[in-house]
Amino acid sequence: MTVTDETSFDPYMTAIIANRIDGIVREMTNTLLRAARSAVINSARDFSCSICTADDQLLASAEGLPIHIFGSHMQARAMRLAHEGDLKDGDCYLHNDPYTGNTHAADHTFLVPVFFEGEHLFTTVAKAHQADTGNSLPTTYMAGAKDQYAEGSLIFPSVRIQRDNEMIEDIVRMCRSRIRVPDQWYGDFLAGIGAARVAERRLKELCAKYGKAQIKTFIRDWLDYSEQRMVQALRKLPKATLSASGAHDPFGDLLPEGIPLKVKVSIDPDEAMVELDLLDNVDNVDCGFNESEACATAASIAGVFNSIDPTIPRNSGSFRRIKVLLRDGAVCGRPKFPHSCSVATTNVADRLVNLTQSAMAQIGDGWGLAEGGIGLGGGMAVVSGKDHRYEDGRYINQLHLGSSGGPGAPSADGWPTYGIPVIAGLMYRDSIEIDELKHPIEVRYMRLKAGTAGAGRQRGAPALEFEYGPKELPMDVLWPCDGTHYPPKGVRGGGDGVTAKHFKIAADGSEKELPNIVVDKLVKGERIRGHHTSGGGYGHPFERSPAKVLKDVIDGFETVERAGQVYGVVLTGSLDQETLAVDEPATIDRRRGRS
């Protein structure tokens, strides 16, 4: 462990500069949110900003998505190695290669090396999920792609897009000729560059104010401090080896049993280390569900951070205390080219977050989390087509209307706006009205589905159900939903969440249940109806306060029937007449009868 000399460590200056850098990352975030054109960025906030050091360490990430920011330093390293000796002030690079540090091809990352007094001190990183990247189908999630060639996305392995602050227009022309709505993409492209450049200016101002020597001292001290905080947290844990297993849903004849997954967590409080072993997993699969190295690492690390002190900084200092074991050519390891990683940021990654945090719950009551709701389903579909309101102009965007339910925690219920595990509540859910303004889509409803939460002392969040369809012209809808077969699990006696379900409603009102992986076209009068998964519960349902169960029923999270069947709580009176109440003697008798 690197230990900062206590006589030279200045806690006040370290805190001041740490908060200033955090503010710079938040200014990057605000710039990208306000300047981007596609709704997936400016409404759903599917992007992350961070700052790395010149030696490729993650320094700060503020509120970046876990799946994005834990690999930022890998991309900074890829940029530095690809252009060693030729990085210059005024450069900007585009990186989306999942084989050299990126998450998946749909995440375009803009990297700017920051120089002060002729020395490279930082790299600013702005990563944003694109509405379209030129795939062979109108989606950024090519579940059925056998390999990277079948995806079709343009790949940029740390490609220079600016020199001396001037755009290299050849790259812009390449993208414009391939991407379906080029003006929308170009607005997002400029917004990503702008966010990285804002941070560059602010970091130079910071260096000018405090001097290069003070900034270098801060970097050392901040990362050492973060490591020491992690050491303190890990030494509070018992020595243990924990394992959890699960599976991704089946995928037709290609994956009839799904993808089995295993995570082993070894905690050594004496050495203050956690080892995450992902070696015992299957080889790469011939479809888009393979993890990139960045995603496999980020997802498993996220499960650890979800289970410990939330105030520990997420950076390369605290990462020093986590060792991740990956295998080359594995579905959740380092992929073997040219296997596709198109869906790397969600499906298997969500399962890895869940397996890691549920394994931590085996330590004892008060540790870990249940499994959070999974499934990039119909509420998060990529929709595209022609807009009759604008002379049949083309549109494409990923919806973020739906949300899976959050996991039950030791002392809190799951969040209804959780999203999925790799998001962990940090993205926004779309405004229905804004989506209907931006796209020719009609949303019939979006609401909580009562009685779907994973039961527990602390329940998971219920599923959200929705219904939508096109207004006039045909609309393509594509999604790769997990959780249709294998639901999120509860822990420590908690109940499982519900599985996802989707239906296509014909113009005559008849319904057909859809598979988990959907590539379809809706015409006027047809609609999609469904719900994603809910979160698993934490602790036995009979340990939940009857007053909380009553409130859940009144608030629409639970039903009267499930209150009795699952929680053992007998309710009397009428919900409509506002006389519903707990029958305490009957509830006590029922719960005692359990034993």
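Just need a number here: residues in the range 72-96 that are at negative phi and assigned to a loop (DSSP other than H, G, I, E, B).
Number satisfying all stated conditions: 8.
Which numbered condition in (1) closer than 29 Å to C52 by Cβ; (2) assigned to a loop (DSSP other than H, G, I, E, B); (3) more than 20 Å from the chain's Cα centre (by Cα); (4) charged (D, E, K, R) is the only one that D270 fails?
The number of the failed condition is (1).
Considering only the range 277-298, how many residues are within 19 Å of the chain's Cα centre (by Cα) and either among the aliphatic types (A, V, I, L, M) or over 19 Å from D147 (Cβ atoms) (or both)?
Looking only at that region, the number is 4.
Could you grab me the full set of residues in the range 97-120 that are part of a strand (DSSP E or B) and open to solvent by 10 Å² or more (accessible area, probe 1.4 Å)?
If the condition is that a residue be part of a strand (DSSP E or B) and open to solvent by 10 Å² or more (accessible area, probe 1.4 Å), then F115, F116, E119, H120 are the ones that fit.
With (1) of a type in the set (A, V, I, L, M); (2) closer than 18 Å to P310 by Cβ; (3) in contact with a Leu (Cβ under 7 Å, 6 or more places away or on another chain) as the list, and L58 as the residue in question, which single condition is left unmet?
(3)
The rows are residues; the columns are (1) under 30 Å from L121 (Cβ atoms); (2) of a type in the set (F, W, Y); (3) part of a loop (DSSP other than H, G, I, E, B).
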| residue | (1), (2), (3) |
| --- | --- |
| R220 | yes, no, no |
| Y225 | yes, yes, no |
| M230 | yes, no, no |
| A233 | yes, no, no |
| K236 | no, no, yes |
| S243 | no, no, no |
| A247 | no, no, no |
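Could you figure out which of (1) under 18 Å from A39 (Cα atoms); (2) out of contact with any strand residue (DSSP E or B) (no Cβ under 9 Å at 6 or more places or on another chain) isn't true of E117?
The one condition E117 does not meet is (1).
Please list, ordered by first then second residue, the pairs with beta carbon atoms under 8 Å, 6 or more apart or interchain, first in the range 373-402 and closer than 22 Å to G419 by Cβ and touching a residue at least 12 places away in the same chain (Cβ under 8 Å), second of a type in the set (F, W, Y) and surrounded by fewer than 19 Cβ atoms within 10 Å (Cβ to Cβ).
These pairs meet every condition: H400/Y428.
Residues that are modelled with pLDDT of 95 or more, crowded, with 21+ Cβ neighbours inside 10 Å and part of a loop (DSSP other than H, G, I, E, B): does the range 169-179 have at least one?
yes
Please determine, by comparing only the residues of the range 465-485 that are open to solvent by 20 Å² or more (accessible area, probe 1.4 Å) and not in a loop (DSSP other than H, G, I, E, B), which one is farthest from V343 (Cα to Cα).
E465
The values are calculated or read from the model by the stated rules, or taken from the named source; none is laboratory data. Predicted model, so just to flag it, every value in this text is computed and none were measured. Virtual Cβ from ideal backbone geometry, glycine too; neighbours counted across all protein chains shown. These accessible areas exclude ligands, DNA and RNA; they are computed on the full protein's heavy atoms, side chains included. Shrake-Rupley method; radii C 1.70, N 1.55, O 1.52, S 1.80 Å.
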